[in-house]
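Peer 1: Sharing a structure, written as structure tokens. Questions coming.
The values are calculated or read from the model by the stated rules, or taken from the named source; none is laboratory data. Keep in mind it's a predicted model, so treat the numbers as computed, not measured. Cβ placement follows ideal geometry from the backbone for every residue including glycine, while neighbour counts extend to all protein chains displayed. The protein model used for the area step is the full one, side chains on, heavy atoms only, and it has no ligands, DNA or RNA in it. Shrake-Rupley method; radii C 1.70, N 1.55, O 1.52, S 1.80 Å.
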Amino acid sequence: MPRAIWSGALSFGLVNVPVKLFTAVAQKEVRFHMLHAKDGGRIRMKRFCSVEDKEVPYDEIVKGYEVSKERYVSLEPEELAALDPKATRTIEIRDFVDLADIDPIYYEATYYLVPEKTAAKAYRLLVDAMRRSGKVGIASFVLRTREALCCVRPIEDALAISTMNRADEIVPVGSLEIPPAGEPSERELHMAEQLVASLSAPFEPQRYPDVHRERVLALVEKKAAGETIEAPPEEPAPAQVVSLADALSASLAAARKRDGKGEAEPHRAPARGARRHAAPAAARTARRRGKSRA
């Protein structure tokens with residue numbers, strides 16, 4: 001089992017549950033080192049002073065905040081430490097809210113909360129109560145030197161805690177310059193809904209592997225083994241589709257072909273003029289047939 005990175009208590013009301021914090025996500029990004037192309041030597045970064053143009057030892061470096069162009073305010077470690085939040089050992093749930101009310105844009109990093117053996121019953125009680133009510137807890141706690149806003153929610157038989165972005169850290173949609181667009185036609189909207197329905201499936205995260213990472217690691221293995229590397233073939237350029245309706249129709253056909261349902265075109269409603277003249281035309285045809293029989 002991985003090592004806990006924090007220990008304390010989860011509290012709601014007057015109930016305290018001793019817990020330990022474990023990382024829930026292990027990033028698998030492929031990381032590279034910078035090497036000298038000539039001899040393969042590792043490239044090391046040095047700290048240089050822009051004024052004296054010389055390397056500076058670490059003990060002579062302080063933190064500075066830029067208050068205006070090229071003007072900084074220096075802060076000593078002791079001054080910053082005095083402002084650190086009090087490192088309490090409690091995750092205090094302030095409110096219970098509906099999970100659907102939290103937009104995923106607020107989530108940051110996720111951890112697991114594991115109870116001490118003596119608190120297993122209280123822990124299970126909170127898991128079951130949150131699951132049955134459909135609620136999640138909004139809490140805060142100090143992780144390292146930062147007070148984090150977080151969401152506590154049940155995942156299977158465990159509680160997960162996700163640190164959250166603050167409200168003033170979210171870029172509002174209203175600040176974006178989204179170009180105006182005309183209303184889609186009813187036919188386009190209907191085909192788009194059909195396309196969404198045809199591509200709908202249960203969320204199974206294992207179906208979406210990091211293909212690029214797998215290719216990079218495979219390339220590394222081949223080069224380490226001394227194999228000859230051939231350039232991959234170029235992928236064909238996507239077809240240029242001018243009409244949105246044509247793009248939707250082609251997408252629907254491809255989705256049906258993938259699902260083995262053929263490539264039939266979606267049902268098209270008759271044009272307004274055709275609907276208006278269909279009934280009179282049928283009536284005239286019926287009268288002519290009646291006269292011919294007489």
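Peer 1: Between segment 55-103 and segment 162-198, how far is it from one alpha carbon centroid to the other, in angstrom?
Peer 2: Spelled out, the Cα-based centre of one part sits 34 Å from the other.
Peer 1: Quick one: divide the alpha-carbon radius of gyration of segment 1-101 by 2.2 N^0.38 Å and tell me what you get.
Peer 2: Dividing the Cα radius of gyration by 2.2 N^0.38 Å gives 1.78.
Peer 1: Sum up the charges of everything whose Cβ sits under 14 Å from the Cβ of Leu99, counting Lys and Arg as +1 and Asp and Glu as -1, but leave Leu99 out.
Peer 2: Its environment carries a net charge of 0.
Peer 1: With contacts defined as alpha carbon pairs under 8 Å and 6 or more residues apart, what's the relative contact order of the chain in percent?
Peer 2: It rounds to 14 percent for the chain.
Peer 1: With a cut-off of at most 16 other beta carbons within 10 Å, and DSSP calling the residue loop, which trypsin sites (Lys or Arg not before Pro) in segment 143-219 qualify? Please list them.
Peer 2: Passing both the DSSP loop test and the Cβ count: Arg144, Arg166.
Peer 1: Here is a follow-up. If you fit an axis through the alpha-carbon atoms of helix 272-293 and take the longest principal axis of the Cα set of the chain, what angle between them do you get, 0 to 90°, nearest 10?
Peer 2: Between the helix axis and the principal axis of the chain, the angle is about 20 degrees.
Peer 1: Among (i) 42, 41, 40; (ii) 111, 65, 49; (iii) 53, 43, 33, only one was calculated for this model; which label is it, if the read-out is Cα extents along the principal axes in Å?
Peer 2: Evaluating Cα extents along the principal axes in Å on these atoms matches (ii).
Peer 1: Please report the antiparallel percentage of DSSP beta bridges with both residues in the chain, rounded to the nearest 5.
Peer 2: For the chain, the DSSP antiparallel bridge percentage is about 95.
Peer 1: So, one more: Roughly how tilted is helix 244-258, in degrees to the nearest 10 and between 0 and 90, from the longest Cα axis of the chain?
Peer 2: 80
Peer 1: Enumerate the amide H contacts of Thr88 below 5 Å, restricted to partners 5 or more residues apart or on another chain; note that Pro and chain-start residues carry no placed amide H.
Peer 2: Those lying under 5 Å, H to H, from Thr88 are Val142.
Peer 1: For Glu227 paired with Tyr65, estimate the spin-label separation in nm (one decimal), with each label point 7 Å from Cα along the Cα-to-Cβ line.
Peer 2: About 5.4 nm separates the two model spin labels.
Peer 1: Can you work out the Karplus-derived ³J(HN,Hα) for every residue in segment 138-143? Use 6.51 cos²θ - 1.76 cosθ + 1.60 with θ = phi - 60°, whole Hz, and x for glycine or proline.
Peer 2: Going residue by residue, I get 9, 9, 9, 7, 9, 10 Hz, with x marking Gly and Pro.
Peer 1: Taking the Cα-to-Cβ direction at Ala82 and at Glu214 and moving 7 Å from each Cα, how far apart do the two end points lie in nm?
Peer 2: Calculated label separation equals 5.6 nm.
Peer 1: Let me ask another. Report Rg(Cα)/(2.2 N^0.38 Å) for segment 1-57, keeping two decimals.
Peer 2: 2.21
Peer 1: I'd like the FRET efficiency for Ile105 and Leu244, computed as 1/(1 + (r/R0)^6) with the beta carbon distance as r and R0 of 30 Å, rounded to 0.05.
Peer 2: FRET efficiency, Ile105 to Leu244: 0.60.
Peer 1: Take the cross-link list Lys20/Lys135; Lys38/Lys222; Lys38/Lys223; Lys28/Lys135; Lys46/Lys69; Lys28/Lys257 and give me the ones stretching past 26 Å between alpha-carbons.
Peer 2: Flagged as over cut-off: Lys28/Lys135; Lys28/Lys257.
Peer 1: Also: Could you tell me how many degrees, from 0 to 90 and to the nearest 10, lie between the Cα long axis of helix 211-224 and the main elongation axis, the longest principal axis, of the Cα atoms of the chain?
Peer 2: Once rounded, the angle reads 60 degrees.
Peer 1: Along the Cα→Cβ direction, 7 angstrom out, place labels at Ala24 and Lys46. What is the inter-label distance in nm?
Peer 2: Going by the 7 Å Cα→Cβ label model, 4.5 nm.
Peer 1: Please go through segment 22-101 and write out the GluC sites (Glu not before Pro) that DSSP classes as loop and that have at most 14 other C-beta atoms within 10 Å.
Peer 2: Sites meeting the loop and neighbour criteria: Glu29, Glu52, Glu70.
Peer 1: Using a 1.4 Å probe and counting only protein heavy atoms, arrange Ser7, Ser200, Ser140 so the residue with the most accessible area comes first.
Peer 2: Descending order: Ser200, Ser7, Ser140.
Peer 1: All other residues with a Cβ under 12 Å from the Cβ of Asn165 taken together, and with Lys, Arg as +1 and Asp, Glu as -1, what is their net charge?
Peer 2: Once all neighbours under 12 Å are counted, the net charge is -3.
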